[in-house]
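Any read-out appearing in this document is the output of simple, stated calculations on the displayed coordinates, not a laboratory observation. Worth saying up front: this structure is predicted, and the values here are computed from it rather than measured. Note: ideal-geometry Cβ built from the backbone for every residue, glycine included; neighbour counts use all protein chains shown.
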Amino acid sequence: MLTQDQLKNALHAKGLNRKQQVLLCLGADPLSVRTVAELRAVAARAGLNIAKKWNFSTILASLSGLAIRGPTGWELTSAGKAEVARLAGNSVAPPQASSLRKLLTKILSEDLKEFIAETVGSVESHHYRAAVVLSWVGAMAVLYDHVITNELQSFNTEAARRDARWKIAKTADDLSRMKEHDFLQILESISVIGKNVKTELEGCLKLRNGCGHPNSLKVAEHRVNSHIETLLLNVYLKFT
């Protein structure tokens, strides 16, 4: 919910009490169940040195309705998440950005990591057109890598069947010679993606094309979140 930098900024704002600061630590990205020791470590990494002297268990127990204690630790309630958002203001990372950030540790390709990191930054800074374009480029890179690693022969066979001029692809750069719309048609044909997924991705491609060129198109948070959520669920999380 809150990246490291966002947590630091929120924690050190004037006027916060201990309860609010501990609540913010519980909202650190990625959201998870945390023990008292883990929360103490979150506070230390964020530079809240005074928290070393606090009784976290007592403070957490006083957060009635905002945090609950389970068998393995403490976590935010829905009301707690809303309070963290209120305390942090505009610094809260959108859930799509947090999900993308989590992917960074799982990706080996430095080029793809760079795209995703730039996408996260665009989402968090509300540069919506850039977020649409970069998230699409990253998703295509994921699909290209999947085809190269797992489906190259069947892809080339189908591509050549559709177009006798197709030059056999060996690398991701070779695949990028094909129009992205045509690429999606072949992915469906060889059962890498289903028909409904293809239709959703075609919608993402259409939005990407609209955002990738100077024009009068305006996009806002909800449309961009939907775009990124579609790519997360159907490409990034499935093929990474």
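Table for the structure above
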| read-out | value |
| --- | --- |
| Hits among lysines - C-alpha to C-alpha of Lys81 under 16 Å, sequence gap 8 or more where chains match | Lys19 |
| Ranked by how many other beta carbons lie within 10 Å on average, peptides 57-66, 204-213 from highest | 204-213, 57-66 |
| Proximal lysines to Lys179, defined as alpha-carbon separation beneath 29 angstrom and excluding residues fewer than eight positions away on the same chain | Lys106, Lys113, Lys167, Lys170, Lys195, Lys198, Lys206, Lys218, Lys238 |
| Nearest-20 debye value, the chain charge dipole, Cβ charges on Lys, Arg, Asp, Glu | 820 debye |
| Computed magnitude of the charge dipole of the stretch 4-93 (debye, nearest 20; Cβ of K, R +1, Cβ of D, E -1) | 320 debye |
| Intensity falloff of the stretch 4-93 expressed as log10 I(q)/I(0), Debye formula with alpha-carbon point scatterers, at q = 0.10, 0.17, 0.19 Å⁻¹ | -0.20, -0.61, -0.78 |
| Of Gly15, Ala159, Phe183, farthest towards positive along the dipole that unit charges on Lys, Arg, Asp, Glu beta carbons give the chain | Gly15 |
| Positive-pole candidate from Ala169, Ser226, Val142, dipole of the stretch 98-239, charges at beta carbon | Ser226 |
| Viscosity 1.306 mPa s, temperature 10 °C, Stokes-Einstein D of the chain from Kirkwood C-alpha radius, µm²/s | 79 µm²/s |
| Axial C-alpha extent at least 18 Å, average Kyte-Doolittle at least 0.5 - helices from the chain (DSSP) | 128-146 |
| Low-density loop positions, trypsin sites (Lys or Arg not before Pro), the stretch 104-199 - DSSP coil, at most 14 other Cβ in 10 Å | Arg165, Lys167, Lys170, Arg177, Lys179 |
| Net charge, Asn215 excluded, C-beta distance under 14 Å - Lys, Arg +1, Asp, Glu -1 | +4 |
| Hydrodynamic radius by Kirkwood, which averages 1/r over all alpha carbon pairs of the stretch 103-240, in angstrom | 15.5 Å |
| Cβ-placed point charges (K, R +1; D, E -1), dipole of the stretch 98-239 about Cα centre in debye, nearest 20 | 260 debye |
